[in-house]
Amino acid sequence: MKMEQRSFIIKGNICYTKTMGCLDVADQAYLVCEAGVCQGVFPVLPSRFKGLPMIDYKEDLVIPGMVDLHVHAPQYPFRGLGMDLELMEWLQAHTFPEESRYADLAYAKDAYETFVRDLQKSVTTRAVVFGTVHTPATELLMGMLDACGLVTYVGKVNMDQNCPDSLQDGGVQEALAQTAAWLQATLGKYRHTYPVLTPRFAPACSGQMLEGLGKLQKEYGVPVQSHLSENLSEIALVTSLFPWASCYGDVYTHYGLFGGAAKTVMAHCVYSSDREVKQIKENGVYVAHCPQSNTNLSSGIAPIRKYLDRGVAVGLGTDIAGGATLSMLRCITDAVGVSKLYWRLVDQQDKPLSMEEAFYLATKGGGAFFGNVGSFEEGYELDALVLDDREISSTRQLSTKERLERYLYLAQEGGRLVAKYVAGAPVLL
Ligand code: GUN
Ligand code: FE
């Protein structure tokens, strides 16, 4: 049966974005997948595909899968709690105590099962994930994510200062040795889960730690994820810890952990200076914009329009538990919302993001971190969502584009994820 070879046709009302700001809509069209790879969207099915099995989703919407470029799996148990603090206090009061619990593998198993189950049922098809400093718990998480069918990068966290002793992994040398062993154990082990080097953020890492991680990056060629310029107190701390650095990002650059040969994603970039944005752009670093987290932790509003105007690669992240929800739909509408506040309150030169633009960021924008991902163009890995919006009440006749917009805002009012495909393979919902 061809289905097992991930070759099939989906019929439905198809929406995707090839270029930022422009939504391609094809009603009652054919989305063709061969061996997990998209062959394109066709209003009339070309005869060369006629032998493939077809699934007719009738009036349902069919859109690309969503990419969560920044999410902390171990913080899932306290999502929606403790939103009354700013970053540095929040880390001490809520985050570090929770993450300490993952030394206990039984606790980790329970917590990660819940996280993975909910992520599997969500609109997310790919994610870049933080674990904790604990290697066994991180490997457990990687195995679970691999089994659930999503494509993920997962990081064992590194930190050796400005955090509790219990999260310091036995000192720099021990932590680096463990990280090397973890890379050796996990590289090539899974079908769709990959390790990513994860210095938590500059304030929690000594120069020695960052230097060691930079060496590991060169040796193993793995990508990097961290946080950057999220909060004003955090940035002040970086300035005092690394006085030689020309900007926060320069700390990572100095140690070979900021793009170039090292594919890198940095969460937040709320307060990146011109110099920092220049380094981000020149080094091809991805920005993971996390609007709900930036609101909850009173961090500020990232000037995403400025980054897009300068050609910076941007995707979206939920940043659980800074963000309360795993929903990338909510992440899209929050990105639109905060961009309007930025335009109204901060800089009238920076036009708000449109729905189509934020949809692009959640699909093709973040998807680029994974390769040809996030679109239904020919040659893209076929990640797709099938959405049923019949229970979201309406007294109007809506166009397909309007139905998509409403689904982004109102999914929780009766929207249903009918099916989800990752690289042409159906995910159990
Ligand atoms: N900076 C360092 N650690 C964290 C974290 O866990 N969440 C967020 N939002 N920012 C961080
Ligand atoms: Fe984060």
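Would you call Glu282 away from ligand 2 (no atom under 16 Å from the Cβ), buried (at least 18 other Cβ atoms within 10 Å of the Cβ) and not hydrophobic (A, V, I, L, M, F, W, C)? Full working, then the answer.
Numbers: away from ligand 2 (no atom under 16 Å from the Cβ): yes; buried (at least 18 other Cβ atoms within 10 Å of the Cβ): no; not hydrophobic (A, V, I, L, M, F, W, C): yes.
For Glu282, the condition - away from ligand 2 (no atom under 16 Å from the Cβ), buried (at least 18 other Cβ atoms within 10 Å of the Cβ) and not hydrophobic (A, V, I, L, M, F, W, C) - is not met.
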* To do: Working only within region 340-357, note down all residues that are under 19 Å from the mean Cα position of the chain (by Cα) and not in a loop (DSSP other than H, G, I, E, B).
  => Met355, Glu356, Glu357
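Among what's in region 82-141 and is of a type in the set (Lys, Arg) and in contact with a strand residue (DSSP E or B) (Cβ under 8 Å, 6 or more places away or on another chain), pick the residue that is nearest to Leu167 (Cα to Cα). Full working, then the answer.
Narrowing region 82-141 to residues of a type in the set (Lys, Arg): 101, 109, 117, 121, 126.
Of the ones still in play, those that are also in contact with a strand residue (DSSP E or B) (Cβ under 8 Å, 6 or more places away or on another chain) are 121, 126.
Numbers: Lys121: 31, Arg126: 27 Å.
So, considering only residues that are of a type in the set (Lys, Arg) and in contact with a strand residue (DSSP E or B) (Cβ under 8 Å, 6 or more places away or on another chain), the one nearest to Leu167 (Cα to Cα) is Arg126.
Restricting attention to region 126-146, and to residues there that are without any contact (Cβ under 8 Å) to a residue 40 or more places away in the chain and more than 19 Å from the chain's Cα centre (by Cα), which single residue is surrounded by the fewest Cβ atoms within 10 Å (Cβ to Cβ)? If you could, list the steps in order and put the result at the bottom.
Filtering region 126-146 down to residues without any contact (Cβ under 8 Å) to a residue 40 or more places away in the chain leaves 134, 136, 140, 144.
Those left that are additionally more than 19 Å from the chain's Cα centre (by Cα): 134, 136, 140.
On the way: His134: 24, Pro136: 14, Leu140: 18.
The qualifying residue surrounded by the fewest Cβ atoms within 10 Å (Cβ to Cβ) is Pro136.
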* Structure fact -> For region 211-250, the count of residues that are outside any helix (DSSP H, G or I), within 16 Å of ligand 2 (Cβ to nearest atom) and surrounded by fewer than 18 Cβ atoms within 10 Å (Cβ to Cβ) equals 0
* Structure fact -> Apart from one, (1) touching a Lys or Arg at 6+ places or on another chain (Cβ under 9 Å); (2) within 16 Å of ligand 2 (Cβ to nearest atom); (3) not basic (Lys, Arg) all hold for Ala288; the odd one out is (1)
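Which residue out of Thr264, Thr253, Thr295 is open to solvent by 30 Å² or more (accessible area, probe 1.4 Å) and within 16 Å of ligand 2 (Cβ to nearest atom)? Write out each step before concluding.
Numbers: Thr264 fails: open to solvent by 30 Å² or more (accessible area, probe 1.4 Å); Thr253 fails: within 16 Å of ligand 2 (Cβ to nearest atom).
The conditions single out Thr295.
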* Could you tell me which residue of region 254-295 is farthest from Ser339 (Cα to Cα), considering only residues that are touching a residue at least 60 places away in the same chain (Cβ under 8 Å) and in a loop (DSSP other than H, G, I, E, B)? => Leu257
* Test: residue in region 226-236 that is on the phi > 0 side of the Ramachandran plot and modelled with pLDDT of 95 or more -> yes
* Go through region 388-400 residue by residue and tally those that are closer than 17 Å to Tyr57 by Cα and crowded, with 16+ Cβ neighbours inside 10 Å. => 3
* Asked: Can you name the condition, by its number, that Ser272 falls short on among (1) within 14 Å of ligand 1 (Cβ to nearest atom); (2) among the polar types (S, T, N, Q); (3) open to solvent by 10 Å² or more (accessible area, probe 1.4 Å); (4) in contact with a Gly (Cβ under 9 Å, 6 or more places away or on another chain)?
  -> (1)
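The values are calculated or read from the model by the stated rules, or taken from the named source; none is laboratory data. The shown structure was predicted, so the numbers you read here are calculated from the model rather than taken from an experiment. Glycine also receives a Cβ, built like all others from the backbone with ideal geometry; neighbour counts cover every protein chain displayed. The area values use the complete protein model at the heavy-atom level, side chains included, leaving out ligands, DNA and RNA. Shrake-Rupley method; radii C 1.70, N 1.55, O 1.52, S 1.80 Å.
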